[in-house]
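The structure appears below as structure tokens.
The values are calculated or read from the model by the stated rules, or taken from the named source; none is laboratory data. Being a predicted model, the structure only gives us computed values, none of them experimental. Here the Cβ positions follow ideal geometry from the backbone for every residue, glycine too, while neighbour counts run over all protein chains shown. For the accessible areas, the whole protein counts, side chains as well, though only heavy atoms, and no ligand, DNA or RNA atoms are used. Shrake-Rupley method; radii C 1.70, N 1.55, O 1.52, S 1.80 Å.
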Amino acid sequence: MTTIYRKSTGLQDTELHYCPGCSHGTVHKLVAEVLEEMNAVDTSICICPVGCAVLAGNYFACDTIEAAHGRAPAVATAVKRLHPDQPVFTYQGDGDLASIGAAEIVHAAMRGEKFTTIFINNAIYGMTGGQMAPTTLIGQRATTAPLGRTVEQAGSPIRMAEMLSTLDGLVYAERVCVTDIPHLNKAKKAIRKAFQKQMAGEGFTFIEVIAACPTNWGMDIVEANQWLMEHMAAYYPLGVIKDKEAE
Amino acid sequence: MKKREIILSGFGGQGVMSIGKNLAEAGVVEGLEVSWVPSYGPEMRGGTANCTVILSEHRIGAPLVEQTTEIVVMNRPSLIKFEPTLEPGGIAFINSSIVPDKVTRDDIRAVYVPCDAIAAELGNLKVGNMVMLGAYIGATEALKVETIEEMIHEMFTGKKAKLVPLNLEALHRGIACAKEQMA
Amino acid sequence: MKREIWKGSEAIAEAAIRAGCRGFFGYPITPQNEIPEYMSLKMPESGGVFVQAESELAAINMVYGAAASGMRAMTSSSSPGISLKQEGISYMVGAELPGVIVNVMRGGPGLGSIQPGQSDYHQATRGGGNGDYRMVVLAPANLQEAVDVMADAFDIADQYRNPVMVLADGLIGQMMEPIVWKEHTPRVLPEKTWAADGRRGRAHNNFITSLLLEADACEKRNIGLKAKFDEMEKNECRWEEVNTEDAEVILVAYGTPARIALSAAEQLRAQGIKAGVLRPITVWPFPHARLRELAEGSCRGFLAVEMSQGQMVDDVRMAVGEKKPVGFYGRCGGVVPTVSEVRLAAEEFFKEVQ
């Protein structure tokens, strides 16, 4: 019998709790595959967030530390400094990273901490039930912006990859999505590159995934992916935001 | 040995903290219980700084004192502030190069030490502290002169070793100054 | 052994390095800046990691991370900064992570003052973070004790997989005293097989978390934690007594006020009032049982002395109950009580209870 597909050894043999159409599962898989391909499942340490990925330690096969809301970059800073030869990554959502943990991510990037952050930006608070995130688009509805986000009320959404790229400590930032196979392949390539740069000791690396949350967006999966490409990709442009080496 | 409860006070930079530390360190060398507590409040920023040193043969309870056995004052506000804390028979050590005043109480003794003038004579203003430390040792005999001399040798080593004779001289000028007045 | 004179904050930092602390994470705040300053130089020299964090929140979470990955780590701060660390302390208890937090207390509330205080007692002993939790809180009253308890603090933290607090006041942090670097006999400690430091052949991954979504599971975790707290209470309580055997009045105080109480008690004895001092060295666990025992004896009453408006006195009352009167004398906001104030308060109290 020929194996045509198997689950990555970077993942445990458990069932994910994520909603249908949610990008988390796909990104988990990509990260897991990269770890496996880099032969790093056995040495990596993941720092997972508060939010939908709070249980990521039940899915990733590597050791995992669940951090307080927004604090994953602080936790990762200590872990990486004390285990400099091991791959360390944070896996964070937009409420966690761009709101309550804004200080931690900015300063980790400023210090050029040699870990990788996988940032899942789905423009909404998922786990708490669809509240407005700092990344929620203008006009997008949320349970705390029932008429849609307005600039007057909440300002304009924050572009984390661009903002962090102003810091010298960040060596590589790319924004990706996983809506179809070509994008998914690009995303995986970006994740691999980030981990490689981390292990080369170059500095802080940041992958922003613009992600779908059909449940809290109130859409079906196809609609959600269309909306993502039409609206989110328009505001959050895909591609390499910064690559220090290439500059 | 009599328990010593000393407040040393002056402008920041006059070295009162380090005179205090020297006393405490010498106390440790002689096997005494010692404590050194700095004032670290807002007064540190520019104004008068002080520290409290206790030398005792017994376990030290409260490290801050209400009544002093000696005060070392390097500026005028310090004299005004701490003269009232002296116990009857206590000694005020006053840097008379800076402080023109005499003590106002007649139940205490005073040793006027022209620290800066002596230091200038010795050719290095920085040893004013050492003159004052000498005066304290000379008047109280709370610690052995040899202990301080040894400390000076330990303090200045390597390139700084050439400062040893200068500091020893400053120490002894201070001792002599105090002995003269206590006689 | 050689006696050396050290400054409190620096001695605490050095003691931590000697105790095998490999990570220090802090944020500047007076009056404990000498701890991070010392660490910034000495921790890397000893092969450890120093990070000046962006906030106290980040600092405690760095401790969380270091501990989760199996390393001995600590942070230090002073009162307002310790308030910010409460989140992390609660998470550390929840995730069963060891670590040491030093609080060099100053006057409060809010920014308060930078002078010595003890008004964080409730926060330290009752838990300032969320959830049902306890931690051992060591309260040194002199520098020898401060360095001795640092080594113990890391051992206790590792033994129970729980944070430990060292509760000092600004005066302890700022003063200089002689200390002797004693040989520390480490406890026999369990291996950190739970640490998330990379699987390296381990059959399963280690997942450090304080989250248990199922209420039953969370209750079970809490019951497990409680069993540890009971063990700590049974094993870790320490205190010192001076002249309590025949005492008519017992002053109860920890940290700097305990030193003041000792001096006051000496003066009271000289005046003919038989005074003694009970000094908790751990304020949690608090020596309730011993106080209760003393309350059943010939002592007429207990006077709590604090640099607060009365926090530890609650524990004294709890221990003594209705058996004997309990009085209180305190200064706060950064004011250190004088010996004569305490003596007078004790004289007054003694008149009442005689």
State whether the residues of the stretch B:165-174 include one that is under 16 Å from B:Ile94 (Cβ atoms) and buried (at least 24 other Cβ atoms within 10 Å of the Cβ).
-> yes
Can A:Lys114 be described as open to solvent by less than 20 Å² (accessible area, probe 1.4 Å) and either modelled with pLDDT of 95 or more or assigned to a helix (DSSP H, G or I) (or both)?
-> no
Output the qualifying pairs, or none if there are none: Cβ atoms under 6 angstrom, residues six or more apart or on different chains, first residue in the stretch B:4-33 and over 14 Å from C:Met176 (Cβ atoms), second residue among the hydrophobic types (A, V, I, L, M, F, W, C) and in a helix (DSSP H, G or I).
-> B:Ile7/B:Phe82; B:Ser9/B:Val16; B:Ser9/B:Phe82; B:Gly10/B:Val16
Would you point out which residue out of C:Val320, C:Val336, C:Val316 is within 14 Å of chain B (Cβ to nearest Cβ) and buried (at least 19 other Cβ atoms within 10 Å of the Cβ)?
-> C:Val336
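Which one of these is buried (at least 24 other Cβ atoms within 10 Å of the Cβ), modelled with pLDDT of 95 or more and more than 11 Å from every other protein chain (Cβ to nearest Cβ): B:Leu23, B:Leu8?
Result of the check over B:Leu23, B:Leu8: B:Leu8.
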In the stretch A:80-94, is there at least one residue being more than 11 Å from chain C (Cβ to nearest Cβ), out of contact with any helix residue (DSSP H, G or I) (no Cβ under 6 Å at 6 or more places or on another chain) and of a type in the set (Ser, Thr, Tyr)?
-> no
Which strands (runs of 3 or more DSSP E) sit wholly inside the stretch A:159-247 and have at least 3 residues that are farther than 21 Å from A:Cys22 by Cα?
-> A:170-177, A:239-243
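Here's the yes/no breakdown for (1) at pLDDT 95 or above; (2) in a helix (DSSP H, G or I); (3) buried (at least 24 other Cβ atoms within 10 Å of the Cβ); (4) acidic (Asp, Glu):
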| residue | (1), (2), (3), (4) |
| --- | --- |
| B:Phe93 | yes, no, yes, no |
| B:Ala110 | yes, no, no, no |
| B:Val131 | yes, yes, yes, no |
| B:Leu143 | yes, no, no, no |
With criteria (1) buried (at least 20 other Cβ atoms within 10 Å of the Cβ); (2) among the aliphatic types (A, V, I, L, M); (3) not in a helix (DSSP H, G or I), A:Leu147 comes up short on (1)
Filter the stretch C:34-62 for residues that are of a type in the set (S, T, N, Q) and open to solvent by 40 Å² or more (accessible area, probe 1.4 Å); the one that is nearest to the other protein chains (Cβ to nearest Cβ) is C:Gln52
Which ranges mark the strands (runs of 3 or more DSSP E) fully within the stretch C:167-268 that have 1 or more residues being open to solvent by 40 Å² or more (accessible area, probe 1.4 Å)?
-> C:239-242
Do the conditions hold for C:Leu138, that is, is it more than 30 Å from A:Val50 (Cβ to Cβ), crowded, with 22+ Cβ neighbours inside 10 Å and modelled with pLDDT of 95 or more?
-> yes
Would you check if A:Ala194 is closer than 22 Å to A:Met132 by Cα and open to solvent by less than 50 Å² (accessible area, probe 1.4 Å)?
-> no
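With the condition kept exactly as written, say whether any residue in the stretch C:299-307 is within 27 Å of C:Ala153 (Cβ to Cβ) and acidic (Asp, Glu).
Yes, because at least one residue in the stretch C:299-307 is within 27 Å of C:Ala153 (Cβ to Cβ) and acidic (Asp, Glu).
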Filter result for A:Gly93 (closer than 24 Å to A:Ile221 by Cβ and either within 12 Å of the chain's Cα centre (by Cα) or not polar (S, T, N, Q) (or both)) | yes
Would you say C:Arg72 is open to solvent by 10 Å² or more (accessible area, probe 1.4 Å), in contact with a Cys (Cβ under 7 Å, 6 or more places away or on another chain) and in contact (Cβ under 8 Å) with a residue 40 or more places away in the chain?
-> yes
Evaluation of C:Arg187 against (1) more than 8 Å from chain A (Cβ to nearest Cβ); (2) on the phi > 0 side of the Ramachandran plot; (3) not β-branched (Val, Ile, Thr) (one fails), failing number = (2)
When the stretch C:12-30 is examined, which residues are found to be open to solvent by less than 30 Å² (accessible area, probe 1.4 Å) and within 14 Å of another protein chain (Cβ to nearest Cβ)?
-> C:Gly20, C:Cys21, C:Gly23, C:Phe24, C:Phe25, C:Gly26, C:Ile29
If we scan the stretch B:22-43, do we find a residue that is in contact with a Pro (Cβ under 8 Å, 6 or more places away or on another chain) and of a type in the set (D, E, K, R)?
-> yes
Kindly establish whether B:Ile118 is open to solvent by less than 20 Å² (accessible area, probe 1.4 Å) and out of contact with any Phe, Trp or Tyr (no Cβ under 6 Å at 6 or more places or on another chain).
-> yes
Inside the stretch C:115-146, can you point out the residues that are in a loop (DSSP other than H, G, I, E, B), closer than 27 Å to B:Ser39 by Cβ and touching a Phe, Trp or Tyr at 6+ places or on another chain (Cβ under 7 Å)?
-> C:Ala139, C:Ala141
Looking at the stretch A:23-67, which of its residues are open to solvent by 30 Å² or more (accessible area, probe 1.4 Å), in a loop (DSSP other than H, G, I, E, B) and more than 10 Å from chain C (Cβ to nearest Cβ)?
-> A:Met38, A:Asn39
Considering the stretch C:87-98, residues that are of a type in the set (A, V, I, L, M) and assigned to a loop (DSSP other than H, G, I, E, B), and then whichever is surrounded by the most Cβ atoms within 10 Å (Cβ to Cβ), we arrive at C:Leu97
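Does the stretch C:77-86 include one or more residues that are more than 20 Å from the chain's Cα centre (by Cα), surrounded by fewer than 23 Cβ atoms within 10 Å (Cβ to Cβ), aliphatic (A, V, I, L, M) and in a helix (DSSP H, G or I)?
No - not one qualifying residue is present in the stretch C:77-86.
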Across the stretch C:255-269, what is the number of residues that are touching a Leu at 6+ places or on another chain (Cβ under 8 Å) and more than 9 Å from every other protein chain (Cβ to nearest Cβ)?
-> 1
